[in-house]
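Structure first, then comments.
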Amino acid sequence: MTSNPNHHAEEASKLEKLLQGRSDVKELQEKGILKNSTAAPALQAAQAELIKHQLEDRLEGKLERRPDRAELERLGILKDDSEDASVTQAKKEELEKQLKADGILK
């Protein structure tokens, strides 16, 4: 390696340009590159894990409290499958009858 003063000045100039073009902390946080946390860096992984577990627990609780199929059918949110099946079967039989009458189905 040379100790050329011009070489050091060029390197310093390149480094200065790179540092000026570097994104600030807020921009990196907005892009999701840096975590937006007030916790110490050593604790950030544990904090992220805790948040993940809290979300899982909340979701699990909501799934446990959701109404079952019978309740949703009673409220009219879902239709009773047995009704749909009988209607579908009746339509199928009617279609077959028409096709036989038209000579399409034997």
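The values are calculated or read from the model by the stated rules, or taken from the named source; none is laboratory data. This one's a predicted model, so the numbers in the text were calculated from it and none came from an experiment. Reconstructed Cβ throughout: ideal geometry from the backbone, glycine too, with neighbour counts over all protein chains shown.
Details
- In segment 73-87, the qualifying residues are those that are acidic (Asp, Glu) and in contact with an Asp or Glu (Cβ under 9 Å, 6 or more places away or on another chain), and the one that is surrounded by the fewest Cβ atoms within 10 Å (Cβ to Cβ) is Asp81.
- Any pair with Cβ under 9 angstrom, 6 or more apart, that starts in segment 90-106 at a residue that is outside any loop (DSSP other than H, G, I, E, B) and ends at one that is loosely packed, with under 10 Cβ neighbours inside 10 Å and not hydrophobic (A, V, I, L, M, F, W, C): Lys100/Lys106
- Pairs, first in a helix (DSSP H, G or I) in segment 62-78, second surrounded by 12 or more Cβ atoms within 10 Å (Cβ to Cβ) and not hydroxyl-bearing (Ser, Thr, Tyr), C-beta under 7 Å, six or more apart: Arg69/Leu78; Leu72/Leu78; Glu73/Asp80
- Test result for Leu63, surrounded by 11 or more Cβ atoms within 10 Å (Cβ to Cβ), of a type outside the set (Val, Ile, Thr) and out of contact with any helix residue (DSSP H, G or I) (no Cβ under 7 Å at 6 or more places or on another chain): no
- Just one residue in the set Ala9, Ala70, Ala45, Ala90 is surrounded by 10 or more Cβ atoms within 10 Å (Cβ to Cβ), within 24 Å of the chain's Cα centre (by Cα) and at pLDDT 85 or above; that residue is Ala45.
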